[in-house]
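Asks: Sharing a structure, written as structure tokens. Questions coming.
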Amino acid sequence: MKKKAFAALPLALSLALAAAYPGSALAQSNEELLKELRALRDRVGQLEDKLKAAESKPAATAPQWGMTPQQVQDFNRIAVKTEALEDAQEMMGIKNLKVSGFLDPTFIYNRNNNSAGFQLFNKDAYSYDNSYFGMAALDITKEMEGGTKWRLTLAPERGAGASFNTGSIVHEASVNIPLGDLQTRLWLGQIPDWTGYEITLPTGNKLITHNLLFDFTAPTAYTGAVMDLTINKWLVKVGLANVNNARKSSGNKTPALIYRVDYAKGEFQGFGFSGLHGKAYNYAADAVDANGDLRFAGDNGRDTRVDLLELDAYFIRGDWTLQGQLSWGQQRKSAIFNEDGQMRDATWTGVSALAAYKFMPRWEMVARADYLSNSKNGGGLFGYSSDDGRNGLGRGYGFAWDDANPDPDVASKGANRYELSLGLSYLFNANTTFKFEYRFDGSDRAVFMDQNGGNWRKNNHLLGTSMVVNF
């Protein structure tokens, strides 16, 4: 009786469809409709075979694993239904699909900026432009048959893509393909920068703001191809990519060599180093003179040579967490001092250290200190090639070049920066963390513009609190 019911199902479905939608879009050609009905019949037949096999097993009449025959039958029915659900997930494309995300509403008080308020989805709301607080992100990952991993992370206004590709909400869009085995992979797409011990997304950082090296010396993202190798405790990434650019402009054809090497001595101790060597966008080469003409148009394009080297490490022991970073970098012809028509190299060196201690199971104290040496040729950092009173970079004191009485000695002195942050975090529940931070920024020159009084300062103060909620 059951077999006859299954056999009649395709015919019943076809008659029902024809009656419900006569002459409509469902009225496909006879051949197409016949193919669909045959496929449905085959699917029903497969489910029927599984049920018959489950009912005909010896376990249905004899106890197994300490179960009664009725319990074994129930177990077999559950197994068949589970397989059917897995098949349905695979057909709909949601097998091994994971969706996660977070929201990071933040309140910031900035003395020199003369501002206080909530920050959310604000691309340029705080002087230190790359700090990336006040974010929201949706992360979609999927592992496909054969080990291929696909990832799309969307972050309105604050994602890595928004920094170099106007209007983009894409933070990461990449695919990771195994080559022969799962330990050797090809990584392609838009990939966020991997420099240092801090990451862009606030869910992985202990403080609200980022350190000076993250904000002012590191790339934002790469667009290209990377080989990803796992060798015992070593993880090696090396590739070719555009730096901070979705595509190269006319006349700029050279990608950069990028690499990252990590060694993990267990889960709680390790180190890594990274580097970048090649060409990237040069903002100094795009400057204009008093007449509105490109000051350095004769230098054939706006990409110049960049070399970055960085070493970072972490150590976790009990309630203590220690992290550190050393960085050195230079970019050809991108220094701030260029008023005499000469393009000079920008060079910088930086160090950052962070210590955190959990004095209670849910409470953690955090301290971070940074120093950035950037006095040569008037200063200049990766992506910063002009005096900047909002971010506290350059020659300070409201510097202005005097054509009548030029002073190269004054124009060649840039600011050395330092920063100290003290923070406190509270783990409210498994998905919610409250953060508090006081930050003091200082410099050996008056490079911070006081928006309230109109004068120049050697320091700035910030207070912030945020709530990071993830799912």
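The values are calculated or read from the model by the stated rules, or taken from the named source; none is laboratory data. Keep in mind it's a predicted model, so treat the numbers as computed, not measured. No Cβ is skipped: glycine too gets one built from the backbone with ideal geometry, and neighbour counts run over all protein chains shown. Side chains are part of the model used for accessible areas, which takes the heavy atoms of the whole protein and leaves out ligands, DNA and RNA. Shrake-Rupley method; radii C 1.70, N 1.55, O 1.52, S 1.80 Å.
Asks: How about the range 438-463: which of its residues are open to solvent by less than 10 Å² (accessible area, probe 1.4 Å), touching a residue at least 40 places away in the same chain (Cβ under 8 Å) and part of a strand (DSSP E or B)?
Replies: ARG439, ASP441, SER443, PHE448, ASN460, LEU462
Asks: Related question: Can you confirm whether GLY396 is buried (at least 20 other Cβ atoms within 10 Å of the Cβ) and under 20 Å from PHE107 (Cα atoms)?
Replies: no
Asks: Name the strands (runs of 3 or more DSSP E) wholly inside the range 135-245 in which the number of residues that are without any contact (Cβ under 8 Å) to a residue 12 or more places away in the chain is 1 or more.
Replies: 170-179, 181-192
Asks: Next up: Across the range 207-226, what is the number of residues that are open to solvent by 20 Å² or more (accessible area, probe 1.4 Å) and out of contact with any Lys or Arg (no Cβ under 8 Å at 6 or more places or on another chain)?
Replies: 4
Asks: Another one. Name the residue that is surrounded by the fewest Cβ atoms within 10 Å (Cβ to Cβ), counting only residues in the range 315-359 that are hydroxyl-bearing (Ser, Thr, Tyr) and at pLDDT 95 or above.
Replies: TYR357
Asks: Scan the range 350-408 for residues that are among the aliphatic types (A, V, I, L, M), touching a residue at least 12 places away in the same chain (Cβ under 8 Å) and out of contact with any helix residue (DSSP H, G or I) (no Cβ under 6 Å at 6 or more places or on another chain) and jot them down.
Replies: Matches in the range 350-408: VAL351, ALA353, LEU354, ALA355, ALA356, MET365, VAL366, ALA367, ALA369, LEU393.
Asks: Being under 30 Å from TRP363 (Cβ atoms) and either open to solvent by 20 Å² or more (accessible area, probe 1.4 Å) or hydroxyl-bearing (Ser, Thr, Tyr) (or both) is the filter here, so list the residues in the range 303-314 that pass it.
Replies: Passing the criteria: ALA313, TYR314.
Asks: Then there is this: Report, by residue number, each residue of the range 246-265 that is open to solvent by 40 Å² or more (accessible area, probe 1.4 Å) and not in a strand (DSSP E or B).
Replies: ALA246, ARG247, LYS248, SER249, SER250, GLY251, LYS253, THR254, PRO255, LYS265
Asks: Right, something else. If a residue has to be surrounded by fewer than 16 Cβ atoms within 10 Å (Cβ to Cβ), in contact (Cβ under 8 Å) with a residue 24 or more places away in the chain and part of a strand (DSSP E or B) to count, how many in the range 409-433 make the cut?
Replies: Final tally of qualifying residues: 6.
Asks: Have a look at LEU229, LEU201 and point out the one that is open to solvent by 20 Å² or more (accessible area, probe 1.4 Å), closer than 30 Å to TYR426 by Cα, in contact with a strand residue (DSSP E or B) (Cβ under 7 Å, 6 or more places away or on another chain) and among the hydrophobic types (A, V, I, L, M, F, W, C).
Replies: LEU201
Asks: Are there any pairs, at least 6 apart or on different chains, whose C-beta atoms fall under 7 Å, with the first in the range 105-119 and over 10 Å from THR465 (Cβ atoms) and open to solvent by less than 40 Å² (accessible area, probe 1.4 Å) and the second at pLDDT 90 or above and among the charged types (D, E, K, R), and if so, which?
Replies: Correct list of pairs: ASN112/ASP450; ASN112/ARG457.
Asks: Which of the numbered conditions does PHE273 fail, given that it passes all the others? Conditions: (1) surrounded by 19 or more Cβ atoms within 10 Å (Cβ to Cβ); (2) of a type outside the set (Lys, Arg); (3) at pLDDT 95 or above.
Replies: Among (1) surrounded by 19 or more Cβ atoms within 10 Å (Cβ to Cβ); (2) of a type outside the set (Lys, Arg); (3) at pLDDT 95 or above, PHE273 violates only (1).
Asks: Please work out if VAL170 is of a type in the set (Val, Ile, Thr) and modelled with pLDDT of 95 or more.
Replies: No; evaluated as a whole, the condition is false for this residue.
Asks: Which of (1) under 30 Å from THR349 (Cβ atoms); (2) buried (at least 19 other Cβ atoms within 10 Å of the Cβ); (3) more than 12 Å from the chain's Cα centre (by Cα) does SER168 not meet, given it meets every other one?
Replies: It fails just one condition, (1).
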